[in-house]
Amino acid sequence: MKSKSRVAVMAGTMMVIAMMPVMPNYIAAGTTHEAYAAAQTYNEERTASYEEKAVDIVAYAQGKQETLKEESIFKGKAVATDTDYLAVMQEPDDDSEVAGKLFEYNIADVIEQDNGWTKITSGNLTGYVPTDALCFDDEAESVARLETEVSAAPVGSEAVVYASYDTDAAVTGTFTADESAVPVSRIGEYVKILKSDESTGYVLADAVTIDYGFECGMTVEEEEARKAAEEAARQAAEEAARKAAEEEAARKAAEEALRQQIIARTIAGTDFTYNPTMAVSDDDLWVLACIIDWEAGWEPYEGKLAVANVILNRVRSARYPDTVSDVVYARGQFGGVMSGGSISARFEQRLAAGPRTDECMEAALEALSGKNNIGDFTAFNGSDVINYAALSDYAIIGGHCFY
């Protein structure tokens, strides 16, 4: 670099000297010898002056060229890669008080480095970390490219994009807040960006903000506050879960009490003896009464009884599931009961509230006791949509055709 500077200085000097004005032939005072001596002194002073200016010009040009060198966007940044944490000391001394912590992939600004220690600032944390425990500049950028996404955004609604790192360069467009861009490098006062359309350009560094994709470290006080907040959140979640469990248990108890009340009331109010011909749980009995309400709530009692027998005929058939609940919850069998493989919210509400009339429970109980008004039919549909020509046998009850 020194030899290049010397050549540049000499070249600059020669150029400057070449442009110096020619010494006038006439010198007013003194003898010819005195005039010659004066001319020599003048020329030497002028040459020295121009040489000094040439050195200044070349040095300035070189300094400007160095500021325009392409650099990593992580220049002056450090990243912690310790999988646990790095203690940040208040002084560059292992025995110093701890100021805070840098956790894995926390980012920091480098203030200074000396004697194996790096002074950093990260968020509200300032202190010293062993230099060999951090990644810097290009190495920090490599870590970021692997572990996170680095992005740039305009400070305001948009930033001017130039073709080169010079305000005299052509404007190629704007970079708006709605666009995404990756910062590639820094060049002087500019940031080179790669836009989402794969085009590149240059924006003034103070016109964009860079998200390095990493969080900052924590002071001791911030970490204590975070732990306190996490503990409070944990306790609140536990309390909410406990209350939810209690509410769910109370809801189920209330629903069970309602079921037992309706079952007992219906059995007591019927003019037949409830004597089930197949073993069913109270849960299945409740589902049967609810699906009767769902499909035939406003149909006459005979229509409700017929729906109950369709369900029970399916349970008895080898072509269908062998429990009431499995028959009712089979995919695509009863409109609106299932949603995306789960019981729909509407049918859940019907299960919670129970059948709207005691006739639905009575029809379920009587069908289970052996009262069958449709024979071995296993299907039904609206009587106005049935293709009767395709049926060999059927029965119309209320608004349904059973077949």
Here is a list: Leu351, Leu365. Which entry is in contact with a Cys (Cβ under 8 Å, 6 or more places away or on another chain) and among the hydrophobic types (A, V, I, L, M, F, W, C)? Leu351
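Yes/no matrix, rows are residues, columns are (1) among the polar types (S, T, N, Q); (2) closer than 22 Å to Lys69 by Cβ:
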site: Asp109; (1), (2): no, yes
site: Gly116; (1), (2): no, no
site: Leu125; (1), (2): no, no
site: Ala133; (1), (2): no, no
site: Ser164; (1), (2): yes, yes
For the range 135-146, pairs from a residue that is touching a residue at least 12 places away in the same chain (Cβ under 8 Å) and farther than 8 Å from Lys77 by Cβ to a residue that is open to solvent by less than 30 Å² (accessible area, probe 1.4 Å) and part of a helix (DSSP H, G or I), with Cβ under 8 Å and 6 or more apart or across chains, are Cys135/Val143
Qualifying residue in the range 223-241 (condition: surrounded by 15 or more Cβ atoms within 10 Å (Cβ to Cβ) and either outside the structural domain of Asp358 (by the TED database) or of a type in the set (A, V, I, L, M, F, W, C) (or both)): yes
Among the candidates Ile292, Ile311, single out the residue that is under 26 Å from Gln260 (Cβ atoms) and either modelled with pLDDT under 95 or touching a Pro at 6+ places or on another chain (Cβ under 8 Å) (or both). Ile292
Pairs please, first residue from the range 244-255 and at negative phi, second anywhere and in a helix (DSSP H, G or I), Cβ atoms under 7 Å, 6+ apart in sequence or on different chains. Glu255/Ala352
Considering the range 83-114, residues that are among the polar types (S, T, N, Q), modelled with pLDDT of 95 or more and closer than 20 Å to Glu139 by Cα, and then whichever is most open to solvent (accessible area, probe 1.4 Å), we arrive at Gln113
Hits in the range 312-332 (condition: surrounded by 16 or more Cβ atoms within 10 Å (Cβ to Cβ), of a type outside the set (A, V, I, L, M, F, W, C) and in contact with a helix residue (DSSP H, G or I) (Cβ under 9 Å, 6 or more places away or on another chain)): Arg314, Tyr320, Thr323, Ser325, Tyr329
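Determine whether Asn387 is open to solvent by 40 Å² or more (accessible area, probe 1.4 Å), over 29 Å from Asn275 (Cβ atoms) and out of contact with any strand residue (DSSP E or B) (no Cβ under 7 Å at 6 or more places or on another chain). Break it down into steps so the answer makes sense when it comes.
Details: open to solvent by 40 Å² or more (accessible area, probe 1.4 Å): yes; over 29 Å from Asn275 (Cβ atoms): yes; out of contact with any strand residue (DSSP E or B) (no Cβ under 7 Å at 6 or more places or on another chain): yes.
Answer is yes for this residue.
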Identify all residues within the range 195-207 that are under 24 Å from the mean Cα position of the chain (by Cα) and either over 29 Å from Cys135 (Cβ atoms) or at pLDDT 95 or above (or both); write none if there are none. Asp197
Test Asp84 against the criterion of being over 18 Å from Gly213 (Cβ atoms) and either of a type in the set (Ser, Thr, Tyr) or free of Cβ contacts under 8 Å to residues at least 12 places away in the same chain (or both), and give yes or no. no
Of all residues being touching a strand residue (DSSP E or B) at 6+ places or on another chain (Cβ under 8 Å) and within 21 Å of Ser281 (Cα to Cα) in the range 296-311, which is surrounded by the fewest Cβ atoms within 10 Å (Cβ to Cβ)? Just the residue, please. Val310
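For the range 250-271, which positions are part of a loop (DSSP other than H, G, I, E, B) and closer than 21 Å to Gly354 by Cβ?
Within the range 250-271, the subset part of a loop (DSSP other than H, G, I, E, B) is 270-271.
Hit for the range 250-271 is Thr270, nothing else.
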Looking for something open to solvent by 60 Å² or more (accessible area, probe 1.4 Å), assigned by the TED database to the domain that holds Gly201 and in a strand (DSSP E or B) - is there at least one such residue anywhere in the range 142-156? no
Can you say whether Ala170 is closer than 30 Å to Ala99 by Cα and either outside the structural domain of Val98 (by the TED database) or surrounded by fewer than 13 Cβ atoms within 10 Å (Cβ to Cβ) (or both), as far as the supplied structure shows? no
Quick one: Ala80 ticks every box in (1) at pLDDT 95 or above; (2) open to solvent by 90 Å² or more (accessible area, probe 1.4 Å) except a single one, so which number is it? (2)
Pick from Val182, Val191: which is open to solvent by 30 Å² or more (accessible area, probe 1.4 Å) and in contact with a strand residue (DSSP E or B) (Cβ under 6 Å, 6 or more places away or on another chain)? Val182
Step by step: first the residues of the range 194-222, then only those that are touching a Leu at 6+ places or on another chain (Cβ under 6 Å) and among the polar types (S, T, N, Q), then the one that is least open to solvent (accessible area, probe 1.4 Å). Which residue is that? Thr219
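Could you look through the range 374-399, keep only residues that are in contact with a helix residue (DSSP H, G or I) (Cβ under 8 Å, 6 or more places away or on another chain) and small (Gly, Ala, Ser), and pick out the one that is farthest from Glu299 (Cα to Cα)? Walk me through it before giving the result.
If we filter the range 374-399 for residues that are in contact with a helix residue (DSSP H, G or I) (Cβ under 8 Å, 6 or more places away or on another chain), which is where we start, we get 374, 376-380, 394-395, 397-399.
Subset that is small (Gly, Ala, Ser): 379, 395, 398-399.
Numbers: Ala379: 16, Ala395: 15, Gly398: 6, Gly399: 7 Å.
Result: Ala379.
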Quick check on my filter: what residues within the range 119-141 are crowded, with 21+ Cβ neighbours inside 10 Å and assigned to a strand (DSSP E or B)? Ile120, Ser122, Leu125, Gly127, Tyr128, Val129, Leu134
Please count how many residues of the range 50-77 are at pLDDT 90 or above and surrounded by 16 or more Cβ atoms within 10 Å (Cβ to Cβ). 4
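The values are calculated or read from the model by the stated rules, or taken from the named source; none is laboratory data. Bear in mind that the values here come from a model prediction, so they are computed numbers and not experimental data. For neighbour counting, all protein chains shown are included, and Cβ atoms are generated from backbone atoms with ideal geometry for every residue, glycine included. With ligands, DNA and RNA removed, areas are computed over all heavy atoms of the protein, side chains included. Shrake-Rupley method; radii C 1.70, N 1.55, O 1.52, S 1.80 Å.
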